[in-house]
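Below is one structure, written out as structure tokens, with a few remarks after it.
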Ligand code: ZN
Ligand code: CA
Ligand code: ZN
């Protein structure tokens, strides 16, 4: 009797430890929290870690020391010293103007400094595709009721050729995260959203064949020049037409029915398919093509802004 009881007690204790350690597991760094300590930074300062803000703004399309250089022919000495700040922790003019355009894109107060509102936006997890900033293809037509169309296209407006209305898709992953059947049904629902509002039909490619669109899970550096960044930060990315690549970051906690610590497979699928078809990010918080996502949030429906974007891109 006694050995059985101690065995039972042992098992119970083990269970208790398992539950405890589960509750006490440190949650993954969810967004770009490493930017938090830079709050309050402004032009003229040198603060340790500011180069990370530069990398962030570069990655998402707001900062380019090389290109900015070309726009300042008259200030060659200033340019040389600015160039020197590309990798250091100096808050220079170029960084200030990048912060300004970021603030303007996300409808924040344009201060040029790293105020709390700006940091709170920046640290959220997001799609890995850069925003299209100050680009001629960024459509801002006045519309009814003084609304602004806030969708965007990739530079040069790449799109699938007019003859190509039937797109095939296939699955090819370098990391096993979600079962093929689950992924199939998630993606089929996501494609349907775009099929309903565009000239496209989407069908799965025959077994073993590459589709026009190839969907997969990958982690870290996976050979396309855009390495993923582990848990948090960026969730997924996709390429402009007609590349057809749509990648999920295998290091995220994915689910088709997410809890507060998981990322919704279908919400990201609808978003990344938008990129595959040629849409850039939208400034409209409620658009599927808005760049930032939250854990546990389900956002699977196109809004008027997304639909107008795809229609304008493929009209004529
Ligand atoms: Zn995106
Ligand atoms: Ca990530
Ligand atoms: Zn990739």
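Here, each number is a calculation from the coordinates, and none is a lab measurement. Keep in mind it's a predicted model, so treat the numbers as computed, not measured. We place every Cβ from the backbone using ideal geometry, glycine too, and count neighbours over all the protein chains shown.
Numbers at a glance
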quantity	calculated
Alpha carbon centroid spacing (whole Å) that separates segment 262-291 from segment 232-255	11
Segment 144-313 - percent relative contact order, Cα under 8 Å, separation 6 or more	27
Where labels lie 7 Å past Cα in the beta-carbon direction, separation of residue 242 and residue 311 in nm	2.6
Gained length - residue 104 relative to residue 259, 0.36 nm times residue gap less alpha-carbon distance	52.6 nm
Contact order normalised by residue count of segment 218-316, Cα under 8 Å, 6+ apart, percent	21
Spacing of the two label points (7 Å from each Cα toward its C-beta) at residue 301 and residue 165, in nm	2.7
Approximate spin-label separation residue 42-residue 205, in nm, with each point projected 7 Å along Cα-to-Cβ	5.4
Difference of contour (0.36 nm per residue) and Cα-Cα distance, residue 113 to residue 224	36.6 nm
Segment residue 189-residue 59, extension gain: residue separation times 0.36 nm, minus the distance between their alpha carbons	43.8 nm
Relative exposure of 289, 90, judged by other C-beta atoms within 10 Å (fewest first)	90, 289
FRET efficiency, 1/(1 + (r/R0)^6) with R0 45 Å, evaluated for residue 196 and residue 172 via beta carbons	0.95
